[in-house]
Amino acid sequence: MYKFACVLCSALLLTYVLARPQDARAAGSGATTTTTQASIIHQDNVNNADGSFNSSYETSNGIRVENIGYLKKIIIPKTETSDGQVIEEHEELVLVQTGSYSYSDPEGNIITLRYVADENGFQPEGDHLPVAPQ
């Protein structure tokens with residue numbers, strides 16, 4: 001019975017430690033975080049029958065997000081799999097998304113990222129992103 005009581009007390013203590021608020025854990029680790037309540041002050045969502053869409057929102061703390069998407073037909077060239085199976089040239093639909101988001105960093109600078117995501121992958125652009133050496 002004594003062992004059971006010790007295990008139960010240990011489990012309760014562990015549960016208490018793991019369940020304490022996140023900011024209490026951060027304060028103990030020396031990290032500082034600030035959290036500000038934000039609400040959505042503007043939001044638009046348009047979904048079209050052809051699969052295209054346009055959505056955007058802005059929050060009270062200055063975050064702005066815009067996302068536009070549409071379906072695009074691409075030609076997949078004739079290929080051969082590693083086991084020798086031939087896949088003929090064919091069309092496929094891909095979702096193309098373009099958009100941007102912006103927010104203020106801790107120093108008050110506006111950070112903006114613009115992007116395109118298509119058959120060539122995710123392609124971000126922004127003044128804050130590192131540039132490859134020439």
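Rule-based calculations on the coordinates, nothing more; no lab input. Small disclaimer: the values here were computed from a predicted structure and weren't measured.
Summary table
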| item | result |
| --- | --- |
| Relative contact order, percent, the stretch 38-125 [alpha-carbon distance under 8 Å, six or more residues apart] | 20 |
| Under 5 Å, built H, 5+ apart or other chain: amide partners of residue 116 | 123 |
| Amide H contacts of residue 52 (H built 1.01 Å from N, under 5 Å, at least 5 apart or other chain) | 71 |
| The stretch 82-130-the stretch 32-67 distance, computed between alpha-carbon centres (Å) | 18 |
| J(HN,Hα) series, the stretch 114-125, from Karplus relation 6.51 cos²θ - 1.76 cosθ + 1.60, nearest Hz, glycine and proline x | 10, 8, 10, 10, 8, 5, 9, x, 8, 10, x, 9 |
| Scattering curve values for the stretch 38-125, log₁₀ I(q)/I(0), Debye with Cα scatterers, q = 0.19, 0.20, 0.23 Å⁻¹ | -0.93, -0.99, -1.13 |
